Amino acid sequence: MSATTATRPAPPIEERVGASDWTAIGTRISLLVTNPGRLAAARSLLESDLDGLDRACSRFRADSELAALDAADGRWVTLSPLLTEAIGVALDAARASDGDIDPTVGEAMSALGYDRDFALVAPNGPAITLSARPVPGWRRITFERASRSLRMPPGTRLDLGATAKAWAADRAATRIAQRLRCGVLVSLGGDIATAGPAPRGGWRVRVQDVTGHPDDAPTGPAQTIALRGGALATSSTTARRWERGGAVLHHILNPRDGLPAPTVWRTVSVTAPDCLTANVAATGAIIRGRAALARFEQRGIAARLVDLDGRVRTTGGWPPDQQAESVGSLAGGGMRAALSPGTGIGR
């Protein structure tokens with residue numbers, strides 16, 4: 001559900017790090033490590049994680065474990081350990097977000113035309129009938145984590161795009177840092193997780209509306225920050241958009257009516273101790289619209305929200321746009337990367 005972002009590392013500023021980026025699971029992958037000699041091993045670990053994730057959680061692979069659930073027709077299904085964990089994470093996020101994040105949006109997403117990898121979705125097409133109706137709802141899923149069992153109402157299709165990629169970034173960064181004993185930044189379509197010691201001055205990231213290389217001038221509002229730890233995620237209504245009969249659609253759906261959320265914010269960026277928390281907050285803000293601002297302020301969430309006119313609002317100690325430092329996990333200096341809307345599993 002989140003149109004989180006794609007990072008592209010630029011040459012390091014203060015110290016040499018190992019960096020690699022490639023395309024997988026329908027998005028740009030970026031991997032940075034503080035020990036260049038361990039980059040190959042780190043990439044091998046990450047590629048293995050992504051392969052397993054794709055086989056378990058992809059909405060667009062006919063042979064994925066998630067796709068096989070479409071044929072369950074209300075029967076109990078035994079899940080693999082990986083899909084069990086991914087679905088458990090999605091249901092936990094639904095509960096924590098008061099239903100803003102709901103994994104049962106799969107059929108509604110397909111009905112709007114997003115039924116394949118986004119690179120294959122036609123940008124324009126004939127008009128479709130938009131029917132406002134709630135998605136089946138996460139509470140109707142019977143899930144027994146201990147026995148790895150799941151049952152859904154017939155016709156329910158899951159989409160784990162709002163949580164799987166961010167959760168996978170957290171999981172991979174932690175595993176690589178522990179296994180190779182170095183600092184790590186993992187970006188899966190811009191869902192950024194870090195683990196281990198950061199480079200001197202932190203992992204430096206440019207937050208922006210439009211995908212771009214960090215050496216290019218940004219288009220629209222942009223800001224450079226740096227992560228000394230924790231994670232960063234951005235949700236956007238600008239990255240995955242398509243038209244049907246002249247109606248502009250996007251991929252962040254309100255589960256209460258199954259339609260794209262009204263566009264109040266172009267982008268919402270959030271920093272948190274882990275990428276899953278950041279991404280759930282950012283996606284929920286797109287769905288909540290202006291009400292998200294007060295919610296973030298009340299909870300002290302560090303966030304940057306850009307409205308349709310390009311006006312920037314910040315909460316929770318996020319630094320003003322003219323600064324590149326902040327409190328908590330944000331600070332100045334370090335390694336450059338660009339953070340801007342991208343793609344991901346199921347999204």
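For the range 119-138, name all the residues that are at pLDDT below 85, under 23 Å from the mean Cα position of the chain (by Cα) and of a type outside the set (A, V, I, L, M). Break it down into steps so the answer makes sense when it comes.
Going residue by residue through the range 119-138, those that are at pLDDT below 85 are 119-132.
Narrowing the set further to residues that are under 23 Å from the mean Cα position of the chain (by Cα) leaves 119-123.
Matches in the range 119-138: Pro123 only.
Among what's in the range 291-315 and is hydrophobic (A, V, I, L, M, F, W, C), free of Cβ contacts under 8 Å to residues at least 40 places away in the same chain and within 30 Å of Ala172 (Cβ to Cβ), pick the residue that is most open to solvent (accessible area, probe 1.4 Å).
Ile301
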Single condition Pro154 does not satisfy, out of (1) assigned to a loop (DSSP other than H, G, I, E, B); (2) of a type outside the set (D, E, K, R); (3) modelled with pLDDT of 95 or more; (4) under 19 Å from Ala72 (Cβ atoms): (3)
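Residues are listed down the side, and each one gets a yes or a no for (1) part of a strand (DSSP E or B); (2) among the basic types (Lys, Arg); (3) in contact with a Cys (Cβ under 6 Å, 6 or more places away or on another chain):
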{"residue": "Arg16", "(1), (2), (3)": "no, yes, no"}
{"residue": "Leu31", "(1), (2), (3)": "yes, no, no"}
{"residue": "Asp54", "(1), (2), (3)": "no, no, no"}
{"residue": "Arg61", "(1), (2), (3)": "no, yes, no"}
Single condition Gly106 does not satisfy, out of (1) at pLDDT 95 or above; (2) in a helix (DSSP H, G or I): (1)
So Ser97, is it within 16 Å of the chain's Cα centre (by Cα) and among the polar types (S, T, N, Q): yes
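Here's the yes/no breakdown for (1) among the small types (Gly, Ala, Ser); (2) open to solvent by 10 Å² or more (accessible area, probe 1.4 Å); (3) under 14 Å from Gly230 (Cα atoms):
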position	(1), (2), (3)
Thr267	no, no, no
Pro273	no, yes, yes
Ala281	yes, yes, no
Ala285	yes, no, no
Gly289	yes, no, no
Gly317	yes, yes, no
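Determine if the range 80-102 includes at least one residue that is among the basic types (Lys, Arg), under 28 Å from Leu259 (Cβ atoms) and part of a helix (DSSP H, G or I).
So far as the range 80-102 goes, yes, one or more of its residues are among the basic types (Lys, Arg), under 28 Å from Leu259 (Cβ atoms) and part of a helix (DSSP H, G or I).
To keep it simple, each residue is scored yes or no on (1) of a type in the set (Gly, Ala, Ser); (2) open to solvent by 30 Å² or more (accessible area, probe 1.4 Å); (3) touching a residue at least 24 places away in the same chain (Cβ under 8 Å); (4) under 30 Å from Trp203 (Cα atoms).
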residue	(1), (2), (3), (4)
Arg38	no, yes, yes, yes
Ser44	yes, yes, no, yes
Leu53	no, no, yes, yes
Leu66	no, no, yes, no
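The values are calculated or read from the model by the stated rules, or taken from the named source; none is laboratory data. If you're wondering where the values come from, they're calculated on a predicted model, not measured in any experiment. All Cβ positions, glycine included, derive from the backbone under ideal geometry; neighbour counts span all protein chains shown. Note: accessible area is taken over every heavy atom of the protein model, side chains too, but ligands, DNA and RNA are not part of it. Shrake-Rupley method; radii C 1.70, N 1.55, O 1.52, S 1.80 Å.
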